[in-house]
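In what follows, a structure is listed as structure tokens, so that the remarks can point back to it.
Nothing in this text is a laboratory measurement; each read-out follows from the coordinates by a stated rule. From a predicted model like this one, the values you see are computed outputs, not experimental measurements. Neighbour counts are summed over all protein chains in view; Cβ atoms, including those assigned to glycine, are modelled from backbone coordinates with ideal geometry.
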Amino acid sequence: MKTGTLARWKRLALAMNTVERHRLRPACGFTLVELLTVIALIAVLASLLLTAVGAARKKSRLVTCTSNLHQFTLALNLYLEDSGGQRPTLSDLVTSRNLASPSTLICPEDKTGDWGEWVLWNGFISIPPTNGPQPVNYSYLLHPLSWSEAEWKLLVHSGSRAGVAACQLHGLGNQATPNVLNYSGLLLRAQLDGSVLQRQFFWTPLTAPPPGSTMPTGVGDDPEAAFYPLQIYYDDPANWQGFQ
């Protein structure tokens, strides 16, 4: 009896030991295929997230630039009203305090910090005297401010058909060389009435004005390229009155 009881206790202890070993055995991990699948899914989600963040930042820069151009036209109109229609220089706008801050002249896409002036002078910017007025950095294409009085009056007479400032830095191009012809695609254009338009803009060949006609300048010293800025500010530059 004692021997049988001892044998049963041994079998019971062995069974309990077996159960305990199974209970303490660690759970099986991921297989290699499952692990690679999870990693691939994480990579795809991260890529989608980065794309969405990049698009949101680009949209934010576009909105900021649009606001800047609107502020510029408001400042310009205030100055024109106060001066009886006399066109200001960019420095006049800043010193008159009609422009809230010079920082509104910088597009968030501008890596040079002075793209507008660089393309106006084809990369050459003279150094002002130390005791003279300091230059105003700006990103926007403001060629009309340097046009002749006759050309400026033509632009004003064109009304809502023509713009006074533009940003090309949201389009396709590069800032490696300071040339207004470097960019095409999306163009933001500020009208004299304060509105800011978006245009899909691509350069097209233009016929030069007749001999003796004045031309808007602003693309270096190339006389053939000097006529090109009209395309930026006017939807149909070939038909602009005075340049037939």
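Some observations on this one:
- 5 angstrom amide H check on ALA166, placed H, neighbours 5+ away: LEU141, ALA190
- Other residues within the sphere of radius under 14 Å centred on the Cβ of PRO102, judged by their own Cβ, net out at -3 (K and R +1, D and E -1).
- Applying 1/(1 + (r/R0)^6) with R0 = 25 Å to the Cβ-Cβ distance of LYS153 and LEU74 gives a FRET efficiency near 0.75.
- One decimal place: the segment LEU49-THR95 gains 12.2 nm when fully extended, by the rule 0.36 nm per residue minus the C-alpha distance.
- Amide H contacts of LEU186 (H built 1.01 Å from N, under 5 Å, at least 5 apart or other chain): GLY171, LEU172, PHE201
- Karplus-derived HN-Hα couplings along region 171-180 (A = 6.51, B = -1.76, C = 1.60, θ = phi - 60°), whole Hz, x at Gly and Pro: x, 9, x, 8, 10, 5, 10, x, 9, 5
- Remark: LEU105, LEU32, LEU197 ranked as LEU32, LEU197, LEU105, counting other beta-carbon atoms within 10 Å and listing the fewest first.
- Sites ALA40 and VAL63 - FRET efficiency at Förster radius 25 Å, r taken between beta-carbons, to 0.05: 0.10
- Whole-Hz ³J(HN,Hα) from phi, Karplus 6.51 cos²θ - 1.76 cosθ + 1.60, for region 44-61, glycine and proline x: 5, 5, 5, 4, 5, 5, 5, 5, 5, 5, x, 5, 5, 5, 5, 5, 5, 5
- Estimated FRET transfer efficiency (GLN198, SER103; beta-carbon r; R0 22 Å; 0.05): 0.45
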